[in-house]
Amino acid sequence: MRILFLNGPNLNLLGTREPEKYGKLTLADIEARVRAKAVGMGLDVEFRQTNIEGELVTWIQEAQGRFDVIVLNAAAYTHTSVAIRDAIAAVQVPTIEIHLSNVHAREEFRHVSLIAPVCRGQIAGFGAGSYELALEASVIVKVAQKGA
Ligand code: CA2
């Protein structure tokens with residue numbers, strides 16, 4: 001089973017600034033944790049980050065036929081991007097929305113996710129654990145698909 005982890009704008013800064021909000025781990029540290037857990041679960045993962053909205057759109061489109069599940073931390077684009085929402089809706093790849101922070105406990109503009117309605121579900125507020133939990137969620141999504 002192949003899982004594509006996509007990370008949006010400014011997540012390349014993780015671990016270098018604002019540790020009180022997003023933790024001390026870098027994105028590479030989080031990737032290492034996810035990879036270690038994925039090996040134990042027999043899962044294949046790919047990890048990418050971009051600051052460019054259109055690049056996320058292209059990667060989502062290209063995931064069709066190549067990945068079983070997309071795990072997406074769209075960062076600020078979560079709250080603004082119709083283009084990313086349309087891309088998720090256009091592909092047949094189940095997508096799980098994730099966030100490090102509990103977006104619902106933060107500013108009101110972060111309570112709105114334009115992508116949530118087209119995602120399979122949302123994991124938020126567990127720091128790097130949100131990424132690890134997304135592996136479990138991916139397996140659940142796949143098992144549910146097989147049973148359908
Ligand atoms: O909690 C999350 O994972 C977010 O997706 C992070 C986004 C934010 O816009 C979303 O509302 C919630 C921000 C990512 C910015 O990451 C930084 C990391 C270090 C320093 C500055 C920004």
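With the condition kept exactly as written, say whether any residue in the stretch 52-69 is within 12 Å of the ligand (Cβ to nearest atom) and in a helix (DSSP H, G or I).
No, that holds for no residue.
For the stretch 114-125, state whether one or more residues are open to solvent by less than 70 Å² (accessible area, probe 1.4 Å), of a type in the set (Val, Ile, Thr), in contact with a helix residue (DSSP H, G or I) (Cβ under 6 Å, 6 or more places away or on another chain) and assigned to a helix (DSSP H, G or I).
The answer is yes; a qualifying residue exists.
So, in the stretch 1-28, exactly how many residues are free of Cβ contacts under 8 Å to residues at least 24 places away in the same chain, more than 9 Å from the ligand (Cβ to nearest atom), assigned to a loop (DSSP other than H, G, I, E, B) and not polar (S, T, N, Q)?
1
How many residues are among the charged types (D, E, K, R) and in contact with a Leu (Cβ under 8 Å, 6 or more places away or on another chain) if we restrict to the stretch 53-65?
Qualifying residue count, the stretch 53-65: 0.
Within the stretch 133-148, restricting attention to residues that are surrounded by fewer than 18 Cβ atoms within 10 Å (Cβ to Cβ) and not aliphatic (A, V, I, L, M), which residue is nearest to Ala76 (Cα to Cα)?
Glu136
Residues of the stretch 81-94 being surrounded by 14 or more Cβ atoms within 10 Å (Cβ to Cβ) and out of contact with any Leu (no Cβ under 7 Å at 6 or more places or on another chain), which ones?
Ala83, Asp86, Ala87, Ile88, Val91, Val93, Pro94
Residues in the stretch 77-92: is at least one in contact with a strand residue (DSSP E or B) (Cβ under 9 Å, 6 or more places away or on another chain) and near the ligand (Cβ under 9 Å from one of its atoms)?
There is at least one residue in the stretch 77-92 that is in contact with a strand residue (DSSP E or B) (Cβ under 9 Å, 6 or more places away or on another chain) and near the ligand (Cβ under 9 Å from one of its atoms).
I'd like to know if the stretch 95-107 contains one or more residues that are touching a Phe, Trp or Tyr at 6+ places or on another chain (Cβ under 7 Å) and crowded, with 19+ Cβ neighbours inside 10 Å.
The answer is yes; a qualifying residue exists.
Restricting the search to the stretch 97-124, which residues are among the aliphatic types (A, V, I, L, M) and within 13 Å of the ligand (Cβ to nearest atom)?
Ile98, Leu100, Val103, Ala105, Val112, Leu114, Ile115, Ala116, Ile123, Ala124
Does any residue of the stretch 9-25 turn out to be surrounded by 22 or more Cβ atoms within 10 Å (Cβ to Cβ), more than 22 Å from Lys146 (Cβ to Cβ) and β-branched (Val, Ile, Thr)?
No, because not a single residue in the stretch 9-25 is surrounded by 22 or more Cβ atoms within 10 Å (Cβ to Cβ), more than 22 Å from Lys146 (Cβ to Cβ) and β-branched (Val, Ile, Thr).
The values are calculated or read from the model by the stated rules, or taken from the named source; none is laboratory data. If you're wondering where the values come from, they're calculated on a predicted model, not measured in any experiment. Neighbour counts are summed over all protein chains in view; Cβ atoms, including those assigned to glycine, are modelled from backbone coordinates with ideal geometry. Side chains are part of the model used for accessible areas, which takes the heavy atoms of the whole protein and leaves out ligands, DNA and RNA. Shrake-Rupley method; radii C 1.70, N 1.55, O 1.52, S 1.80 Å.
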